[in-house]
Amino acid sequence: MDAVLTGGCQCGAIRYALGAMPEGTSICHCRMCQKAVGGPFAVYAPVRMRDFAWTRGTPPAFRSSTAAERHFCPACGTPLTFRYFHKDWIDVSIGSLDQPERVTPQRHVGNEGRIPWMVGAVLEALPVSSTTDSPTLQGLVSYQHPDHDTPAGWAPGA
Ligand SMILES: [Zn+2]
Ligand SMILES: [Zn+2]
């Protein structure tokens, strides 16, 4: 399989590759996705199982219902996938992609769980800053895996 997109967890213990561009990426507001990613919503990008491969490590999955499971990194906790047992598709969390900007959401789902402030007008009205604006973060050393594949044996801080 030739990798079209790659991704993995924050610590680099788990890496994966996609052999095709995702189809039908969704922003899901449901309570299960909120819990699974620890955020106000999840954005999952689906590919067929044949277009998905773990390339470093094999993560555990939490069975969040009778219908589905969600893989996560046991070392750093990054939410990685969502998968319905009855479908031949697996969704990756777009934040775990090396280039999340290459995937654009197509729709909102799970709208019953949407947090009231998760609407454009409210979000657009908030003040904005960048991480690089913060003087306390000057000189920090990142232990996050870089946004590309690395040789076997790569370790945080090495
Ligand atoms: Zn990890
Ligand atoms: Zn959901």
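The values are calculated or read from the model by the stated rules, or taken from the named source; none is laboratory data. For clarity, every value in this text was computed on a predicted model and none was experimentally measured. In this analysis, Cβ positions are derived from the backbone assuming ideal geometry, glycine residues included, and neighbour counts consider all displayed protein chains. Protein only, heavy atoms only, side chains kept; ligands, DNA and RNA dropped before computing areas. Shrake-Rupley method; radii C 1.70, N 1.55, O 1.52, S 1.80 Å.
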Given (1) out of contact with any helix residue (DSSP H, G or I) (no Cβ under 6 Å at 6 or more places or on another chain); (2) open to solvent by less than 20 Å² (accessible area, probe 1.4 Å); (3) not β-branched (Val, Ile, Thr), ARG63 misses just (2)
Taking the stretch 38-49 and the residues there that are part of a strand (DSSP E or B) and more than 13 Å from the chain's Cα centre (by Cα), the one that is farthest from ligand 1 (Cβ to nearest atom) would be ARG48
Within the stretch 147-158, of all residues that are modelled with pLDDT of 90 or more and over 12 Å from ALA13 (Cα atoms), the one nearest to the chain's Cα centre (by Cα) is ASP147
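Residue-wise test of (1) within 30 Å of PRO116 (Cβ to Cβ); (2) open to solvent by 10 Å² or more (accessible area, probe 1.4 Å); (3) at pLDDT 95 or above.
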residue: ILE27; (1), (2), (3): yes, yes, yes
residue: CYS30; (1), (2), (3): yes, yes, yes
residue: LYS35; (1), (2), (3): yes, yes, yes
residue: GLY39; (1), (2), (3): yes, yes, yes
residue: ASP51; (1), (2), (3): no, yes, yes
residue: TRP54; (1), (2), (3): no, yes, yes
residue: LEU80; (1), (2), (3): yes, no, yes
residue: LYS87; (1), (2), (3): no, yes, yes
Per the filter on the stretch 72-86, residues in contact with a Pro (Cβ under 7 Å, 6 or more places away or on another chain) and over 18 Å from ALA3 (Cβ atoms) are PHE72, CYS73, PRO74
Scanning the stretch 2-25 for residues that are touching a helix residue (DSSP H, G or I) at 6+ places or on another chain (Cβ under 9 Å), within 18 Å of THR104 (Cβ to Cβ) and surrounded by fewer than 22 Cβ atoms within 10 Å (Cβ to Cβ) gives VAL4, ALA20, MET21, THR25
Picking from VAL37, VAL4, the residue that is within 13 Å of ligand 2 (Cβ to nearest atom) and under 28 Å from ALA155 (Cβ atoms) would be VAL37
- Query: Given the structure, is PRO100 surrounded by 13 or more Cβ atoms within 10 Å (Cβ to Cβ), within 16 Å of ligand 1 (Cβ to nearest atom) and not basic (Lys, Arg)?
  - Reply: no
| task | State whether the residues of the stretch 130-143 include one that is within 29 Å of GLY19 (Cα to Cα), touching a residue at least 40 places away in the same chain (Cβ under 8 Å) and surrounded by 12 or more Cβ atoms within 10 Å (Cβ to Cβ). | result | yes
Within the stretch 11-37, the residues that are within 16 Å of ligand 1 (Cβ to nearest atom) and in a helix (DSSP H, G or I) are ALA36, VAL37
Filtering the stretch 40-71 down to residues that are of a type in the set (A, V, I, L, M, F, W, C) and either within 16 Å of ligand 2 (Cβ to nearest atom) or in contact with a Cys (Cβ under 8 Å, 6 or more places away or on another chain) (or both) yields PHE41, ALA42, VAL43, ALA45, ALA61, PHE62, ALA67, ALA68
